[in-house]
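One structure is given below, encoded as structure tokens.
The values are calculated or read from the model by the stated rules, or taken from the named source; none is laboratory data. Predicted model, so just to flag it, every value in this text is computed and none were measured. Quick reminder, even Gly has a Cβ in these numbers, built from the backbone with ideal geometry, and neighbours come from all protein chains shown. Accessible surface areas use protein heavy atoms only, side chains included; no ligands, DNA or RNA. Shrake-Rupley method; radii C 1.70, N 1.55, O 1.52, S 1.80 Å.
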Amino acid sequence: MIDPTSLLVTAVCAPLVGALLLWLPPPRASWAAGLLPRAVALLAMLVSAVAAFALAAGFYATPGADLRGELLLPWYPAWGMALHLGVDGVAASLLALSGLIGVVAVLASAGISNRVRAYHSLLLLLMAGTNGVFATLDWVSFYIAWEVMLIPMFLLIAIWGGEQRRYAALKFLLYTMAGSVLMLVLMLGMHFRTPAEGVRVQVDPAQVEAQARPDGTLYGLRVEQVAPAGQPLRYEAVVPRSFDLLHHSLLWNHWRGVALGSWALAGVGFLVLYLAFAVKVPVIPFHTWLPHAHVQAPTAISVILAGILLKLGVYGFYRLAWPLFPAVALDWGFVLGVLGVVNILAAAWIALMQDDLKRLVAYSSVSHMGFCLLGLAAATPAAISGSLVQAVTHGLGSAMLFLLVGVIYDRVHHRRVNGFGGLAGPMPRYAGMFLFACLGAAGLPGLAGFVGEVLVVLGCAQSPAAAWAGHGADAFRWLAVAAAAGVIMTAAYLLWMYKRVFTGPVRHDEHRALPDLSAREWATLAPLAVLTLAIGVYPALVTRLVAPGAELLARHLAWVATVR
Amino acid sequence: MRASLLWLIPALPLIGAVVNGALALAGARSANGPARGFVSLVAVLLPAAAFALSVAALLALPAAGPGATAPALAHTLWEWMHLGGLSIALNVLVDPLTALMLLFVTGIGTLITLYSVGYMWADRGFARFMAYLNLFLASMIVLVMGGSLPVTFIGWEGVGLCSYLLIGFWHHNDEYNDAARKAFVMNRIGDLGFLLGAFALASVTGSLDYQQIAAFFRDGGNEGLIAAKAGVLALAGVLLFLGCTGKSAQVPLLTWLPDAMAGPTPVSALIHAATMVTAGVFLVGRLGDFYAHCPPWVLQIVLVTGAATAFFGAVAGLFQNDIKKALAYSTVSQLGFMFMAAGVGAFDVAIFHVFTHAFFKATLFLGAGAVIHRLHHEQDMRRMGGLKRDRGLFWTYLAMSYGWWAIIGLPGGAGFFSKDLILERLAAAGPVGVAACALALGTAGLTAVYMTRLMVLTFWGGSRVTDEARHHLQKVPVTMTIPLVILGFGSLLAGLVWMELPVAVLNSHLLPGFLAPVLAPAQQVATAAHGHGLHLPAVVVALLGTGLAAAGWVVAWLLWRKGPTGPSVEQRPTSVPGGFGGAWTFAFDRVYDLCVVKPVKGAALALYFLVELLLVAGLTEAVRMVATGVCGAGFALSQRSRLRTHLALGVLGLVAVVAVIAWAL
């Protein structure tokens, strides 16, 4: 059994090594231009995926909210800078998803024919960046990994994209950078505003219980039990000035007392992190970059975009926004829930009117990601689990849909819903697969999409978050009902699209002889489809990984609600 | 049979679906598709084996004990989900109610699959059809065998999916696809009700498991809690019933069912008559203990909905020229009868009518299918007539007459027993029940009229078959005849299961006694809530019912013996009714189009253009302007210079911003 740290490092570094290898001057042989980069990229992603799955398997075998595979390399100790790697079950499951999507994306890149080497090296760099985000526990390397994936993504769209690729890439870059630059400012500001001697804070017993080491330290800090006169026992710790995200999560109460102009720093901080990650999720109205980027990006990049990049936003909420400023998240819980529901309904409604297949699937992504925000806002174990499960399963489902759109685009070079008709005749297997993916997205029970949605909806129904935020206790129930109503819209727009593309008479004679799915296309679709079915029938495959982390966050939020 | 083997019952048809589905995909591009013989064997034998196992499960049921719970076999596969203290297991439950449903689902399912072998033999999509049919059976079995609401929901959505796939089976036809989509989306509205209702119910009972729900309501200690939570329970009851109206095509979610006749006829017989559409009645019966403890107005909603639907369907059935549509409205109407029974707490009678209806309506649909097959896809009754003289339809005519005898409630037929019981129970259920009983009697008379009209126009009277059809008569194969005849005799005999035999041992296994441990406690509670009604003796009801049926027979014979009334085929080539008939038939469609479809599409368009293009695009421009202002040079250059320069400048600009803001902090 390989230790978790090696697995984690392998998962992050394999794509990085692959990317660097591809920068070496290639041999002059003819295969070196096309075949070699593909082989290197596939191998690197396979290694990364296997390592990530092995890591996730560890969490499946022994579930827990503890952090594993931790690696702490002091970097610039005077400033409290250190490279801190480590994952919990949530990060591990997203890392596994990332590995799988990476492999699929390399396989789906077979159609790329110009500058193959540069393309694959950028793709690997992008995957190294995303894996890095999931793997780090300190803010500096989180930020670096976050920025590392922006530039390759920008270039991949700008060079290998469609006709308006420059515009789309720029829009992507501006939106995401606008979000992340503020995050950088916040990071520096919070670091330097922390007193040099550290801050003494009260620690959540749940965190101690779940994540303290056997030697009694929590996140490398000594935790003391103190009994103030007339009060129950409580845990306290002194948090030094640091970039460690775990340390920052202990400081939540400190920032509520620090003023920034006329606001508390906590409020500003949450807003900044919310913006940085809401752009990625994306939450309406910060979503307009997404349809553009999808429409212009090549298929494999759309797959990565929908399969992994959007999940980074959810992960950012889970790892930074909520833990760093839990009290603000609670205050705004209902508003955030409303934003999630608006995402679900408005994007589904807009998807109904789309004529470009990719735009339609992109809006369906926006709609589905609304469940992630809603689940986090509801702050119950079930809802947060659901939100994270939804992140994973939507990664599988949307990747499948984008691959399928790519299949038809490769053949006929357009994606207009109304420019097809009757494709089920010439391409029955393709039609069957597409229907499967649509049903998965529409949340059919027994397929993966159902699990996250039902967890979020039920979690909302039980949520105390509305009461914490000072609203009526029933407020979240109505959100649950509204969110659940979204599944009707989903079925409506997906089946309407399916009808126009696949059924009826073949409307264009040149479509009669279209070839059905090729072996390579099957290879990209099959793993996603199998997992979609497996998770739907046996959701424990994911819930065992994410539930402990979700439960810890929910308990933490409940504790914050009592002590704030 | 051991409880741990129960999962085999749904698994067998599922295997059939997977095998035939794989064969269909593998042979997708060949001229004829996979070998039909093998496909048929898989498709028929596996459901037959499931039927055998269902019989074994029935025989293995333990004897009813004196306790509060019904005799049952239960088995849990694994925990499906864990939701905040609420565990949802994948579990199966076979108690008398499920055993009965299983028997006719697998039994009639196997027969109709056999019939489909003959009916679909020439179709290119034979294997695909058989795969869908088996998948449907697996889903339907899950629906009735589920031990908890979420497991039932898997089957519930599964049958909806199969219904979608099979209605749109001939997917080259756009109208059929629209019908399929309509069915799916309308069912989804109901499904949303199901899901929300289930959660609302669980918030009171603390469990979604049927046995635990029943135990919760039967426990006298919970009465205070039930009374305190009456509002939530009522909400749950209404929401779950919304799910039933979707699946069982009740007012207001009924218009998908007549459109669903676009599917091949065996599908109409199996899914849209015998099994799936009765799922709503099954669910109300399954949750009988819960409904009995809801505030009484909840069951009254069920009663009123059922009465309205029964009447609407019967009137609409009078105007149909398409033989399948006539039967579809008849199904809608009969489902209304079942809900009326459930609405007065007569759950056992409701289930009994589900059982008898499955036989006679399947017979009628399969018979209609044989006629359509014989006449080479002719469905318009204005081009039929006199077919009883066609030797090739001898068995069809025989079976359909039995089905007709049974549905209009003439003595001896299956409907005679179940419909009379419904009338009897309605009359006994207080003033509302008496009113419903009067309406039901009228509807029963209408049933006799429209069903006799169907027989007159199809089999009796003079022939109006076109010369073209007469020259291309297709043989009705034996695979179609055998199920038809078996089900035909079933329509005559199925009613006998209610009869009380003097032998005590046998009696205990006949229907009322058999279902009593599951349903009787709920019925006692529900009937206790009724006011005083009429206690009509069975003989009176039987005489009334028979008299009405005979009267309807005579009326229809007098009206239509000379052929169809209304516009002729030349005047109105489409079989869709016009005039008052059309207005009545499509009233709901028109309302939906005006109140739902058009507003939703309009709002989608408005949302897209207003929000997406104006508001958000405006925001984007604002962001761009700010960005231009801040990173000025970098952005301006990007318009004409190289990417690299642009990036470098952009990064520089960002560093500058960071420096400024960090300094400010």
Please list, ordered by chain and number, the residues whose modelled amide H lies under 5 Å from the amide H of residue A:81; skip anything fewer than 5 residues away on the same chain.
A:75, A:76
Structure-based [θ]222 nm, chain B - -39500 (n - 2.57) summed over DSSP H runs of at least 4, per residue, nearest 500
-22500 deg cm²/dmol
Cα gyration tensor shape for the stretch A:69-126, rounded if a/c is under 1.5, else prolate or oblate:
oblate
If you take all C-alpha pairs in the stretch A:428-545, what percent of them are over 20 Å apart?
58
In debye, nearest 20, what is the charge dipole magnitude of chain B about its Cα centre with +1 on Lys and Arg Cβ and -1 on Asp and Glu Cβ, if you could check?
1520
Mean other chain Cβ within 10 Å across A:491-498 is 4
With θ set to phi - 60° and the Karplus curve 6.51 cos²θ - 1.76 cosθ + 1.60, what are the ³J(HN,Hα) couplings of the stretch A:332-338 in order, to the nearest whole Hz, using x for Gly and Pro?
9, x, 5, 4, 4, x, 4
Among B:388/B:419; A:280/A:358; B:247/B:598, the pairs whose Cα-Cα distance exceeds 22 Å are B:388/B:419; B:247/B:598
What's the buried accessible area, both sides, between B and A using a 1.4 Å probe, rounded to 100 Å²?
5800
How big is Rg to Rh over chain B, alpha-carbon atoms, Rh as the Kirkwood inverse-mean-distance radius?
1.07
Among B:213-226, A:93-106, A:325-338, what's the highest-first ranking by average C-beta atoms within 10 angstrom per residue?
A:93-106, A:325-338, B:213-226
So what are the radius of gyration and Dmax for the Cα set of the stretch A:199-239, in Å?
10.1, 30
Under a 1.4 Å probe, what is the accessible area of the protein assembly as shown per residue, stated in Å²?
34
Protection-proxy order for peptides A:34-41, B:245-252, each taking the mean of Cβ atoms within 10 Å per residue, highest first
B:245-252, A:34-41
Summarise the long-distance tail of P(r) for the stretch A:332-564 by giving the % of C-alpha pairs beyond 27 Å.
37
How about the stretch B:590-609: which of its residues lose at least 40 Å² of accessible area in the presence of all protein chains relative to their chain isolated, using a 1.4 Å probe?
B:600, B:601, B:604, B:607, B:608
Once Lys and Arg get +1 and Asp and Glu get -1 on their Cβ, which of B:226, B:564, A:9 lies farthest toward the positive end of the dipole of the protein assembly as shown?
B:564
Residue-wise HN-Hα coupling along the stretch A:75-86, computed from phi with Karplus coefficients 6.51, -1.76, 1.60 (Hz; x: Gly, Pro)
10, 9, x, 4, 9, x, 8, 8, 7, 10, 9, x
Using r as the Cβ-Cβ distance of residue A:217 and residue A:259, and R0 as 41 Å, what FRET efficiency do you calculate, to the nearest 0.05?
0.80
Within straight cross-link reach of residue B:182, meaning Cα distance under 13 Å, which aspartates and glutamates are found once same-chain residues fewer than 8 apart are removed?
B:174, B:259, B:589, B:593
In the protein assembly as shown, what percent of the accessible surface is made up of carbon and sulfur (1.4 Å probe, ligands and nucleic acids excluded)?
68
Protection-proxy order for peptides A:81-92, A:468-479, each taking the mean of Cβ atoms within 10 Å per residue, highest first
A:81-92, A:468-479
Per the helix-only model, chain A has a calculated mean residue ellipticity at 222 nm (DSSP H runs of ≥4, -39500 (n - 2.57) each, divided over all residues, rounded to the nearest 500) of -22500 deg cm²/dmol
Mind computing the radius of gyration and Dmax over the alpha-carbon atoms of chain A? Å is fine for both.
23.2, 85
So which residues of the stretch A:245-268 lose at least 10 Å² of accessible area, probe 1.4 Å, when you go from the chain by itself to every protein chain present?
A:260
Using the beta-carbon distance between residue B:565 and residue B:122 and R0 = 35 Å, what value does 1/(1 + (r/R0)^6) give for FRET efficiency, to the nearest 0.05?
0.50
With a Cα-only, solvent-free Debye model of the protein assembly as shown, what are the log10 I(q)/I(0) values at q = 0.05, 0.06, 0.10 Å⁻¹?
-0.38, -0.54, -1.28
